[in-house]
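See structure below.
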Amino acid sequence: MNGVISHPSRPCELETVELSKSFGAFKAVNGVNLKIEKGTIHGLIGPNGAGKTTCFNLLTKFLQPTSGEIRFKGEPITKLSASEIVGRGLVRSFQISAVFPHLTVLENVRLAAQRHRGQSFDFWRCGKILKRYEETAIDFLAEVNLANSLHVLAANLPYGQKRALEIATTLAVNPTMLLLDEPTAGMSHDSVEEIVQLIQRIRESRTILIVEHNLSVVEGLCDAITVLARGQVLAQGDYTSISKNPAVVDAYLGTPEADPFSPVHVGGGN
């Protein structure tokens, strides 16, 4: 097994120890050990049914593990709820865009920013009270190139911009670590490039874990990669070592001769 390239100066941001999840007799995630270094973009890849989504749901506490431990910034979070880990700075996006379609772009992000007021969403308050949250929202929208679409209904945005809006709402919660679930799924080539550039811009001072099927995106973004197969870690390392690993190639297509990491396959989309 290839080891993830480790930098002694970089502390571990998120770690799992023998993380497992069973559904009856079926082990969807089986003894997964992850170490994601602070300030890196870490890819989680694997063929369909590898356990990527289940692992993501465990890390963000949408599922409770059957066994094992999750540590964030050195502290155990295994028993915390999803809302509690958001409060600690660990925030996710979803594979299907999750925005409020009948609110404007600005209203979507402002609502996320209002989380810092605790449980009060101030629906009945004068709009002036919320001005500072609007200013914060506009800053995040500028970061994802949506500053010119403040008053557009989210439902009217092109698909790629909806994904950018979702990332902006995620940023508004002030995360130190983002977990992005297939951010380029279903996009055209041009939209994929826009999201890749967006992720590169927002990575400063943040750690990112990304589940992604598009191997050209993984190659261009990720500092380290973990490959899952049948719920277990098959290999870990940088893109070069992963792409040359016969076991990884075999897990994707069932034959080492058909290489999914070749330029033809890598550039071919999801």
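Inside the stretch 159-239, counting only strands (runs of 3 or more DSSP E) that do not spill past its ends, which hold 1 or more residues that are in contact with a Cys (Cβ under 8 Å, 6 or more places away or on another chain) and at pLDDT below 90? The strands (runs of 3 or more DSSP E) meeting that bar number zero.
Every residue, every condition in (1) touching a strand residue (DSSP E or B) at 6+ places or on another chain (Cβ under 6 Å); (2) within 24 Å of Gly74 (Cα to Cα); (3) in contact (Cβ under 8 Å) with a residue 60 or more places away in the chain, yes or no:
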| site | (1), (2), (3) |
| --- | --- |
| Pro183 | no, no, yes |
| Met187 | no, no, no |
| Ile195 | no, no, no |
| Ile199 | no, no, yes |
| Glu204 | no, yes, no |
| Leu221 | yes, no, yes |
| Gln236 | yes, yes, yes |
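Looking only at residues that are part of a loop (DSSP other than H, G, I, E, B) and open to solvent by 60 Å² or more (accessible area, probe 1.4 Å) in the stretch 38-60, which one is nearest to Arg92 (Cα to Cα)?
Lys38
The set of residues in the stretch 210-228 that are surrounded by 19 or more Cβ atoms within 10 Å (Cβ to Cβ) and among the small types (Gly, Ala, Ser) comprises Ser216, Ala224. Residues being basic (Lys, Arg), modelled with pLDDT of 90 or more and at positive phi are represented in the stretch 62-85 by at least one member. In the stretch 143-159, of all residues being of a type in the set (Gly, Ala, Ser) and surrounded by 13 or more Cβ atoms within 10 Å (Cβ to Cβ), the one that is nearest to the chain's Cα centre (by Cα) corresponds to Ala154. When His116 is tested against the conditions (1) modelled with pLDDT under 90; (2) part of a helix (DSSP H, G or I); (3) surrounded by 14 or more Cβ atoms within 10 Å (Cβ to Cβ), the lone failure is (3).
Put simply, of Tyr133, Tyr159 the only residue that is at negative phi and in contact with a Lys or Arg (Cβ under 7 Å, 6 or more places away or on another chain) is Tyr133. Take the residues of the stretch 1-24 that are among the aliphatic types (A, V, I, L, M) and either modelled with pLDDT of 55 or more or surrounded by fewer than 13 Cβ atoms within 10 Å (Cβ to Cβ) (or both): which is farthest from the chain's Cα centre (by Cα)? Per the stated criteria, the residue is Met1.
Of all residues in the stretch 163-175, those that are open to solvent by 10 Å² or more (accessible area, probe 1.4 Å) have Cβ atoms under 7 Å from Cβ atoms of residues that are part of a helix (DSSP H, G or I) and of a type in the set (Lys, Arg), 6 or more apart or on another chain, in Val173/Arg115. Lys35 meets the conditions (1) within 25 Å of Ala247 (Cβ to Cβ); (2) among the charged types (D, E, K, R); (3) surrounded by fewer than 16 Cβ atoms within 10 Å (Cβ to Cβ) in every case but one. The failed one is (3).
The values are calculated or read from the model by the stated rules, or taken from the named source; none is laboratory data. Just so we're clear, the structure is a prediction, and the values are computed from it rather than from any experiment. Glycine gets a Cβ as well: all are built from the backbone with ideal geometry, and neighbour counts include every protein chain shown. With ligands, DNA and RNA removed, areas are computed over all heavy atoms of the protein, side chains included. Shrake-Rupley method; radii C 1.70, N 1.55, O 1.52, S 1.80 Å.
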